[in-house]
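See below for the structure under consideration.
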């Protein structure tokens, strides 16, 4: 089976909103409402038995704002498939695929933790990297890299990190690599 | 015939008595048997393990008894990146260590947050704990950790153990 066969079979049964083919990788975009049934068909009928990753993209300023990306792989056919679906900020809820591939459980928890996209039907939707009660979603584009202060007594706290100065920060300059590189500098 | 003997000579103890200050004795005992609490949080912990192994042999400095129980430790070696999620756990472990206790911040991350200028990483363990020794490096080589340990030994050597830490003993006199 090739990517063309996969695409033909998907187009027979499902609505494909857009597709990208780039350097031998096929990326169809499917409607949010159909993502679970598409995934189930991909696994059970097309043989994509391995879910490599679930990730998310924040297209800040666009509508719909978020995108959830599923990386599928067929071990028998050695074929890769990337599914995308767009999620609006007003309704941040995606059907879970942890009922299709069990490994999606933790991947979806990570997406929820970092981007704030909820997965309906997920068996255990808790934060996985940050602590329960952390008020922000740090991988969103409107979240600053240096972080925001937060306080949760007896559990954790966070503060804003300084982004300029110090021995580990690159200093933008035209005078060459030697001065640009992060290194211990005297106070001047 | 009258037998004589030197008045102040006792053959049982002469040569076995050393006169010193109590502070110096206590400090000498403390600094040569530091029991570390290895707070290994990232790659620095690998260098710490190397320091404990035969090639570098931290036992030469009396600090080979790595205790994974804070209640039996003297010095906490914070080796690695302290995330905010871990920070209060590190503090709680430090609080469980009995006095007197010391802290070594090993490596760039534990000292200053290192290259992790981000929302998730505490910018230096000295925001939470009183650090005695900072060791630079990313990660520091085992020699650097041993140098830090020796620096800590020098620091302990200069402490006023009785006056600062055993005030109740002084009140007796």
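The values are calculated or read from the model by the stated rules, or taken from the named source; none is laboratory data. These numbers come from a predicted model, not from an experiment. Neighbour counts are summed over all protein chains in view; Cβ atoms, including those assigned to glycine, are modelled from backbone coordinates with ideal geometry.
Before moving on, here are some points about what is shown:
- Residue within region B:148-170 that is more than 19 Å from the chain's Cα centre (by Cα) and within 14 Å of another protein chain (Cβ to nearest Cβ) present: no
- Extreme residue, nearest to the other protein chains (Cβ to nearest Cβ), among residues of region A:104-124 that are surrounded by fewer than 18 Cβ atoms within 10 Å (Cβ to Cβ) and part of a loop (DSSP other than H, G, I, E, B): A:124
- Test result for residue A:21, in contact with a strand residue (DSSP E or B) (Cβ under 9 Å, 6 or more places away or on another chain) and exposed (fewer than 14 other Cβ atoms within 10 Å of the Cβ): yes
- The residue pairs whose first member lies in region A:1-19 and is on the phi < 0 side of the Ramachandran plot, whose second member is exposed (fewer than 10 other Cβ atoms within 10 Å of the Cβ) and outside any helix (DSSP H, G or I), and whose beta carbons are closer than 9 Å, counting only pairs six or more residues apart or on different chains, are A:3/A:24.
- For region B:48-58, the criterion of being surrounded by 18 or more Cβ atoms within 10 Å (Cβ to Cβ), under 23 Å from residue B:124 (Cα atoms) and modelled with pLDDT of 90 or more is met by at least one residue.
- Looking across region B:94-119 at every residue that is more than 7 Å from chain A (Cβ to nearest Cβ) and surrounded by fewer than 20 Cβ atoms within 10 Å (Cβ to Cβ), the one that is nearest to residue B:69 (Cα to Cα) is identified as B:96.
- Residue check for residue A:30: modelled with pLDDT of 90 or more, surrounded by 15 or more Cβ atoms within 10 Å (Cβ to Cβ) and in contact with a helix residue (DSSP H, G or I) (Cβ under 6 Å, 6 or more places away or on another chain): yes
- Evaluating residue B:64 against the criteria (1) over 26 Å from residue A:152 (Cβ atoms); (2) touching a residue at least 24 places away in the same chain (Cβ under 8 Å) leaves one unmet condition, (2).
- Residues of region A:143-182 satisfying the condition of being modelled with pLDDT under 70 and surrounded by 12 or more Cβ atoms within 10 Å (Cβ to Cβ): A:166, A:167, A:168, A:169, A:182
- Selection within region A:145-163 - in a loop (DSSP other than H, G, I, E, B) and within 8 Å of chain B (Cβ to nearest Cβ): A:145, A:146, A:147, A:148, A:154, A:155, A:159, A:161, A:162, A:163
- Scanning region B:127-166 for residues that are at pLDDT below 90, buried (at least 16 other Cβ atoms within 10 Å of the Cβ) and under 30 Å from residue A:138 (Cβ atoms) gives a single hit, B:137.
- Given (1) more than 16 Å from the chain's Cα centre (by Cα); (2) under 30 Å from residue A:147 (Cα atoms); (3) assigned to a helix (DSSP H, G or I), number of the condition residue B:23 does not satisfy: (2)
- Elements of type helices (runs of 4 or more DSSP H) contained in region B:90-173, each with 3 or more residues being closer than 30 Å to residue B:60 by Cβ: B:107-112, B:142-157
- Tallying residues that are in contact with a strand residue (DSSP E or B) (Cβ under 6 Å, 6 or more places away or on another chain), surrounded by fewer than 19 Cβ atoms within 10 Å (Cβ to Cβ) and in a strand (DSSP E or B) within region A:37-81 yields 10.
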